[in-house]
């Protein structure tokens with residue numbers, strides 16, 4: 001029971017989490033042939049929904065120019081990125097459940113909800129413009145010795161600092 005408490009109930013040191021994430025990133029690269037990406041899966045889900053309601057996103061320039069970004073036999077819903085995203089979501093849920101940290105929170109105000117939705121939409125749009133989120137453009141880029149990962153990281157921290165100032169000024 002002591003090991004269970006240490007593994008599932010107590011917080012892990014950051015270095016342990018970093019090593020585990022690095023090893024999982026290496027494992028995923030060796031299995032799938034692609035670095036860890038998150039927003040591409042969400043892009044495919046959106047395109048799949050649009051396809052179901054009658055649009056043809058696979059004919060749009062973005063998908064045509066990048067060969068849909070899908071491997072042979074994959075669709076917008078059945079692809080590597082969907083499996084990875086579901087694994088991350090389920091893993092996060094299991095982590096908070098095992099640590100007894102899961103709780104429903106009441107929405108404080110509709111203004112806060114509006115800002116959260118607007119921020120999420122802008123972040124999602126920005127990740128597609130930059131062809132990646134902090135996982136693909138930062139976490140997977142720096143270990144690959146890519147200069148763009150370091151540039152992304154610097155501006156990510158600058159953006160976070162500016163966002164915190166805005167948050168404190170207007171919402172708190």
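A quarter of the convex hull surface defined by the alpha-carbon atoms of the stretch 1-57 gives 6.7 nm² as the mean projection.
Taking every alpha-carbon pair in the stretch 105-172 and binning the separations at 5 Å intervals from zero gives 4, 14, 20, 22, 15, 12, 8, 4, 1 percent.
Take each peptide in 132-140, 9-17, count the other Cβ atoms within 10 Å of every residue, and average; sorted highest first, the result is 132-140, 9-17. When 150, 45 are arranged by Cβ crowding within 10 Å, least crowded first, meaning fewest neighbours, the order is 150, 45. For the stretch 7-103, taking the reciprocal of the average inverse distance between every pair of different Cα atoms yields a Kirkwood hydrodynamic radius of 15.6 Å.
Return the single residue from 48, 73, 126 with maximal mean-square fluctuation; model: Gaussian network over the chain, springs between Cα atoms under 10 Å. Looking only at 48, 73, 126, the largest GNM fluctuation is found for 73.
The equivalent ellipsoid of the chain has semi-axes of 28, 24, 20 Å, largest first, where each one is the square root of 5 times an eigenvalue of the Cα gyration tensor.
Values quoted throughout were computed directly from the atomic coordinates according to the rules given, and no laboratory measurement underlies them. What you see is a predicted model; the values in this text were computed from it and never measured. Heads up, the Cβs are rebuilt from the backbone with ideal geometry, glycines too, and the neighbour counts pull from every protein chain shown.
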